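Please treat every number below as a calculation from the coordinates, not as lab data. All values derive from a computational prediction rather than experimental measurement. Every residue, glycine as well, gets a Cβ built from its backbone with ideal geometry; the counts of neighbours run over all protein chains shown.
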Amino acid sequence: MKEQIEAVQRMQDYIEQHINERITPADLARASMFSPWYAHRMFKYYTGKTPGEYIRRLRLSKSALKLRDESCQIAEIAFEYGFESVDGYQRAFRREFGCNPREYAKKPVPLYLFTPYGVKFHKNEGRNETMEKVKNIFIQVIEKPGRKVIIKRGIKAADYWTYCEEVGCDVWGLLTSIKSGSGEPVCLWLPRSYIKTGTSEYVQGVEVSSDYDGEVPEGFEIIELPAAKYLMFQGEPFEEADYEKAIGEVWDAIDKYDPSVIGYSWDKENPRIQLEPIGTRGYIELLPIK
C-alpha cells in the first residue's frame, strides 16, 4: 500500500508542476513508475477521480483564481490552462462552477474550488519515521485590525479532522475563492461568546475587511472581530508528510510559553487562529494576547 500511495503522490506532484502543459497517460505512468493502465487504476482508487477529471478540475480552479486577481483575456486563460477553444473552456467553467467566466471576471463570487490533498497526507496515512526535532520556534507579536470573517460552523468539531467529518473538506476550496485580507483562509477556535448553541468551537473562514459587503455563500455567516494583538508561533520548515509532528512541536511550545515574560496575558475574548500547514514556511498558529 505504501508503494502505491507514493506512486499516486508522484503523479499528483507531476500534475501540479506541469499543470500548464500537456499531460499524457505516459507522462503520469513514468512519474508513477508503473504501467499506464495500473497508474490510472491506482490514481482513481486513491483520489476518487480519474487523472483527466483531476487535471480538468485543478486547471479550472487555478484559472478562476487568475480571473479573480488579474486582468486577463478569457482566450488567454483558456489556452494557458490547456483548453483547445474558448467555447470549450467556457462550457467547462460553467459546468464546474455554475457561472460564465466572463461574468465571474467582472464580478467574482465565492466558488467551490477544487483543492486537492496529497494522498500521502490523508489522516492515519502519516509516516512512522521519526522526524528530526524542531530546533526553533519563532515567536512574534503582531496586530490584527478590526475585520469581518466569513465562517462555516460545524456541530461539535474541536479540530480539523472532526470538522471535515461534520462539514466536508470542500469548504476550504470555497474559502480560497474569496479574496482574503490576510492572503489565505484561516481555521479558528472561537471563544465562548462567538459560539452559537449547537455549533462547534472550531470553524473555517476567511478574513475580509470591516466594510465587506460582498456575497456570503449559503450556509455561511459573517462575524465581526475587533482589533487585537496576537502572538504568532511559527515552526521551522518541515517535510510535508511530517505535518502532524510539526503541529505537535508548535503546540508543545505554546503549552510551555508564558506570555507574562513579555508583559502580556492570554486573551480569552478573541479566537485562536490556525493557518494551513505548509512545509516550506513551517506550521503557524496565532494566539490572542492582551
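Values for this structure:
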{"item": "Normalised convex hull volume, the chain, alpha-carbon set, Å³ per residue", "result": "143"}
{"item": "Longest exposed-site-free window of the chain, the sites being GluC sites (Glu not before Pro) in a DSSP loop that have at most 15 other C-beta atoms within 10 Å", "result": "133-214"}
{"item": "Unsatisfied cross-links (Cα-Cα over 19 Å) in the set K144/K268; K66/K148; K152/K179", "result": "K66/K148"}
{"item": "Values of log10 I(q)/I(0), in the order q = 0.09 Å⁻¹, for region 1-157 under a Debye, Cα-only, solvent-free model", "result": "-0.44"}
{"item": "Student exercise, region 1-127 dipole from Lys, Arg, Asp, Glu Cβ charges, in Debye to nearest 20", "result": "400"}
{"item": "Rg [Å, one decimal], Dmax [Å, integer] - region 137-289, C-alpha atoms", "result": "15.2, 44"}
{"item": "Formal net charge of residues neighbouring I273 (Cβ-Cβ distance under 10 Å; K, R +1; D, E -1)", "result": "0"}
{"item": "Linear extension gain, R94 paired with T24, 0.36 nm per residue minus alpha-carbon span", "result": "22.7 nm"}
{"item": "Packing-based exposure ordering (other Cβ within 10 Å, fewest first) of V203, V119", "result": "V119, V203"}
{"item": "Degrees, to the nearest 10: 36-47 long Cα axis against longest axis of the chain", "result": "30"}
{"item": "Restricting region 19-94 to trypsin sites (Lys or Arg not before Pro) in coil, as DSSP defines it, with at most 11 other Cβ within 10 Å", "result": "R22"}
{"item": "Between helix 2-17 and the chain: long-axis angle, C-alpha atoms, 0 to 90°, nearest 10", "result": "80"}
{"item": "Rel. contact order, % - alpha carbon contacts under 8 angstrom, at least six apart, region 137-289", "result": "32"}
{"item": "Relative contact order of the chain, defined on C-alpha pairs under 8 angstrom at six or more residues apart (%)", "result": "17"}
{"item": "P(r) of region 206-290 over all Cα-Cα pairs, binned every 5 Å from zero, in whole percent", "result": "3, 12, 19, 17, 16, 15, 12, 5, 1"}
